[in-house]
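I'd like to ask you about the structure that follows.
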There are 2 protein chains.
Amino acid sequence: MGKVLVIGAGGVGTVVVNTMARLPEVFTEIMLASRTKSKCDAIAERIGNNRVKTAQVDADKVPELAELIRSYKPDIVVNVALPYQDLHIMDACLGTGVAYLDTANYEPPEEAKYAYSWQWAYKDRYQEAGLTAILGCGFDPGVTSIFTAYAARHHFREINYLDIVDCNAGDHGKAFATNFNPEINIREVTQKGKYWENGNWVMTEPHEIHKPLTYPGIGPKESYLIYHEELESLVKNFPSIKRARFWMTFGQEYLTHLRVIQNIGMARIDPVIYNGVEIVPIKFLKEVLPNPGELGENYKGWTSIGCRIKGISKAGKERTYYIWNNCNHEDAYRETGTQAVSFTTGVPAAIGAMMYIKELWKKPGVWNVEQFDPDPFMAELNRLGLPWNEKFDIDLEL
Amino acid sequence: MGKVLVIGAGGVGTVVVNTMARLPEVFTEIMLASRTKSKCDAIAERIGNNRVKTAQVDADKVPELAELIRSYKPDIVVNVALPYQDLHIMDACLGTGVAYLDTANYEPPEEAKYAYSWQWAYKDRYQEAGLTAILGCGFDPGVTSIFTAYAARHHFREINYLDIVDCNAGDHGKAFATNFNPEINIREVTQKGKYWENGNWVMTEPHEIHKPLTYPGIGPKESYLIYHEELESLVKNFPSIKRARFWMTFGQEYLTHLRVIQNIGMARIDPVIYNGVEIVPIKFLKEVLPNPGELGENYKGWTSIGCRIKGISKAGKERTYYIWNNCNHEDAYRETGTQAVSFTTGVPAAIGAMMYIKELWKKPGVWNVEQFDPDPFMAELNRLGLPWNEKFDIDLEL
């Protein structure tokens, strides 16, 4: 039915191609490319049956990307490389006339400040070229945004309060490790907090606001208000939202490690001269920390991510709603060889590509996922290992 | 009277040449050399009056060292470079017929395991060449060993129990910094503990044994049993010692930072390949941590280092004895531009060189400082800013 090029061979890329390989009726041809071809080869070999082709590409180089796209001729490029590379890959897709999908918005390498503005700026050019770009199609952003669109369509006349809650109650048995690229993870969680209230962004100190929240099947976990990228598009696409926040659980030991990493200067993103060579401390730290892709083997426990929503029901009454997915690290590992954090990000990216190939999500321009029909996507989540649950009119704790 | 070459332009080197420059009757000519000549120039400029000459030398290269020694013709070389360089500098002194003094014993770069054996192995060669080598002439090792020799000469028939206690009750106002070279400091304090008891070395886990000890003018501070190099030579030179231990104070925050630095892999001393270049994590960490030489400006409070001794008095009675120095960080900074930890190490090194030049400490061979006459050294400590105090027949807490 369709031909796909996946760029990025980390934990998420592994899950994306695993999921696609199980759906030959949709993904008739799959290619996985990254800077290090041997990583792609290892992933392809585990999948077997020559289902996945591999290639070497430097995603920082637009001409190299364009050449690969021109020779392979995919219907869509799925970008699960680094956020710094989003614009290069968008440029290459635009130049070669191919659709685009990613899971994390652009962030300039020299500043820890991600935002959609850079990618939204491509809207007219994608529209004029008749090309579809789907932004933020992982779990959060991604499924959380689709959960919100689903709630808005089926259960609410208007959504007034949105709290996205992200709990990782898993234990990987290491003193310290990040669940995805340490560089991106540490940049994200050490920044100032930010939430939307009454038409304005309210800033907080990092981890200033926190409270215990109860996660289904897990129990209470201290949860910290942090800024997360889907808030930017959701308050724009659902203007009835009065307050939108994002909460993430962290253990005390994790926070202590983060604090020390900042104190000793290893979270710095500006280069340090070492023996005459420029080295960015956080990039070097990534080399010595455990590889998130290899955490899966001993990872136990669950993740629980969802949306807690308050608003006015279709019938005009005040209503609360909680929609969530719980994902098990051990099951994820058995299925794909990676842990739940990669699994919950990679499966939605594959579903997003499927939505495009099936022409269910296809419109020229640059779009966030909540701007498409949530229903077929929600059905695939249940089928492909990320089943969701919902509760109505409960205490949201928020 | 004498000509001295100082190698190493860190905080200790700064104090050494400052102290020597104030003693023109002893040190008629002073040269400071290091890998980075500009550091030497900056130190020399602060001292002024062209008292200190400077030179560039790579202390890892014996021929380069020998060439500098041959051209400058010093009476003694004072080594305050890195412990890895001790043997190179000893080789160069031996080859050029010049006396040697250092403040820290040799440690191979690829293993955190310092010991005197490598340097003691030079004894016969120094003896045959008629050359004096003085090992470990800082504060600890150095003054602590001389305190012990002084106690043995004047107050004890035999020393049975020796506890060296090292308290830094200063506050530098930084979240985390080490008081001397972070690489050496972290290697030292993260190793297993070790002490001497009844003719054997007893091993402990790192920081396993600790208790609060009361420091004069400071009060109680949690003190941790760690291994420290002077124990090796002291139990050999004072064979009546039944138990010898070393205690150092650490704050909880300092220990937390150390624990995280180890957990995240930044204390590793084996190289990691980063962008095709071999980088040793702990050496890179040194680049991002605050420079210990620059801590002085805001450093407040005191250090207190001394020996708590129990044994049999000259009169044959059981006796306890506590001898210590308290040093003030602010005073040290006013005097030399560096903090007390550099000050307490650098002043004794300068006094040791003075002892050699005055021919009070001059005998062919390789010697630890407790093997020389302690009395003239003790008198200079009082004169040069490190006055000592003593108490008899008190509760040692140990």
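The values are calculated or read from the model by the stated rules, or taken from the named source; none is laboratory data. Every value quoted in this text rests on a predicted model; they were computed, and no experiment measured them. Methodologically, a virtual Cβ is constructed for each residue, glycine included, from the backbone with ideal geometry; neighbour enumeration extends over all protein chains shown. Ligands, DNA and RNA are excluded from the accessible area calculation, which covers all protein heavy atoms including side chains. Shrake-Rupley method; radii C 1.70, N 1.55, O 1.52, S 1.80 Å.
Could you please give the count of residues in segment B:61-87 that are polar (S, T, N, Q) and surrounded by fewer than 18 Cβ atoms within 10 Å (Cβ to Cβ)?
Adding up the residues that qualify gives 1.
Next question. Based on this model, can you work out whether A:Pro281 counts as within 14 Å of chain B (Cβ to nearest Cβ) and either open to solvent by less than 10 Å² (accessible area, probe 1.4 Å) or modelled with pLDDT of 95 or more (or both)?
Considered against the rule, which asks whether it is within 14 Å of chain B (Cβ to nearest Cβ) and either open to solvent by less than 10 Å² (accessible area, probe 1.4 Å) or modelled with pLDDT of 95 or more (or both), A:Pro281 comes out as yes.
Farther than 26 Å from A:Val15 by Cβ, in contact with a helix residue (DSSP H, G or I) (Cβ under 8 Å, 6 or more places away or on another chain) and either of a type in the set (Phe, Trp, Tyr) or without any contact (Cβ under 8 Å) to a residue 60 or more places away in the chain (or both) - does that describe any residue in segment A:71-89?
Scanning segment A:71-89 turns up no residue that is farther than 26 Å from A:Val15 by Cβ, in contact with a helix residue (DSSP H, G or I) (Cβ under 8 Å, 6 or more places away or on another chain) and either of a type in the set (Phe, Trp, Tyr) or without any contact (Cβ under 8 Å) to a residue 60 or more places away in the chain (or both).
Taking the stated definitions as given, is B:Leu285 assigned to a helix (DSSP H, G or I) and under 22 Å from B:Thr204 (Cβ atoms)?
Considered against the rule, which asks whether it is assigned to a helix (DSSP H, G or I) and under 22 Å from B:Thr204 (Cβ atoms), B:Leu285 comes out as no.
Which residues, counting only those in segment A:343-363, are within 15 Å of A:Gly142 (Cα to Cα) and open to solvent by 10 Å² or more (accessible area, probe 1.4 Å)?
If the condition is that a residue be within 15 Å of A:Gly142 (Cα to Cα) and open to solvent by 10 Å² or more (accessible area, probe 1.4 Å), then A:Thr345, A:Tyr356 are the ones that fit.
Here's something else I'd like to know. State yes or no: is A:Tyr84 farther than 21 Å from A:Lys53 by Cα, at pLDDT below 95 and in a loop (DSSP other than H, G, I, E, B)?
no
What do you reckon, is A:Gly311 over 23 Å from the mean Cα position of the chain (by Cα) and either open to solvent by 20 Å² or more (accessible area, probe 1.4 Å) or within 14 Å of chain B (Cβ to nearest Cβ) (or both)?
No, not satisfied.
Still on this structure, please answer the following. Answer yes or no: is there a residue in segment A:280-293 that is in contact with a Gly (Cβ under 6 Å, 6 or more places away or on another chain), touching a residue at least 24 places away in the same chain (Cβ under 8 Å) and in the same structural domain as A:Cys167 (by TED's automatic domain parsing).
Yes, segment A:280-293 contains at least one residue that is in contact with a Gly (Cβ under 6 Å, 6 or more places away or on another chain), touching a residue at least 24 places away in the same chain (Cβ under 8 Å) and in the same structural domain as A:Cys167 (by TED's automatic domain parsing).
How many residues are open to solvent by 60 Å² or more (accessible area, probe 1.4 Å) and either among the charged types (D, E, K, R) or within 30 Å of B:Gly293 (Cα to Cα) (or both) when one looks only at segment B:118-175?
The total comes to 11.
Can you tell me which residue among A:Asn326, A:Asn291, A:Asn298, A:Asn275 is at pLDDT below 95 and within 21 Å of the chain's Cα centre (by Cα)?
A:Asn291
Still on this model: State the number of residues belonging to segment B:364-398 that are surrounded by 17 or more Cβ atoms within 10 Å (Cβ to Cβ) and among the basic types (Lys, Arg).
0
Could you check, for segment B:342-365, whether at least one of its residues is assigned to a strand (DSSP E or B), touching a Phe, Trp or Tyr at 6+ places or on another chain (Cβ under 8 Å) and closer than 21 Å to A:Ile264 by Cα?
no
Do we have B:Lys286 as loosely packed, with under 15 Cβ neighbours inside 10 Å, more than 8 Å from chain A (Cβ to nearest Cβ), more than 18 Å from A:Ala177 (Cα to Cα) and in contact with a helix residue (DSSP H, G or I) (Cβ under 7 Å, 6 or more places away or on another chain) here?
no
Taking the conditions exactly as written (loosely packed, with under 15 Cβ neighbours inside 10 Å, under 25 Å from A:Ile261 (Cα atoms) and of a type outside the set (Asp, Glu)), does B:Lys211 satisfy them or not?
No.
Which members of segment B:18-36 meet the condition of being in contact (Cβ under 8 Å) with a residue 40 or more places away in the chain and of a type in the set (A, V, I, L, M)?
B:Met20, B:Leu23, B:Val26, B:Met31
Can you find, within segment B:290-305, the residue that is nearest to B:Trp247 (Cα to Cα) among those that are of a type in the set (S, T, N, Q) and surrounded by 19 or more Cβ atoms within 10 Å (Cβ to Cβ)?
That would be B:Ser304.
Out of (1) in contact (Cβ under 8 Å) with a residue 40 or more places away in the chain; (2) of a type outside the set (Phe, Trp, Tyr); (3) crowded, with 18+ Cβ neighbours inside 10 Å, what's the single condition that is false for A:Arg46?
Result: A:Arg46 fails condition (3) only.
Starting from segment B:263-275, take each residue that is at negative phi and at the interface with another protein chain (Cβ under 7 Å from one of its Cβ atoms) and list its partners that are among the charged types (D, E, K, R) and in a loop (DSSP other than H, G, I, E, B), counting only C-beta distances under 7 angstrom and pairs at least six apart or across chains.
Going by the 7 Å Cβ cut-off, there are no qualifying pairs.
If a residue has to be aliphatic (A, V, I, L, M), within 14 Å of chain A (Cβ to nearest Cβ) and open to solvent by 10 Å² or more (accessible area, probe 1.4 Å) to count, how many in segment B:224-260 make the cut?
Of the residues in segment B:224-260, 1 are aliphatic (A, V, I, L, M), within 14 Å of chain A (Cβ to nearest Cβ) and open to solvent by 10 Å² or more (accessible area, probe 1.4 Å).
Can you tell me which of (1) on the phi > 0 side of the Ramachandran plot; (2) in contact with a Pro (Cβ under 8 Å, 6 or more places away or on another chain); (3) polar (S, T, N, Q) is the one B:Thr178 doesn't meet?
Unmet for B:Thr178, out of (1) on the phi > 0 side of the Ramachandran plot; (2) in contact with a Pro (Cβ under 8 Å, 6 or more places away or on another chain); (3) polar (S, T, N, Q): (1).
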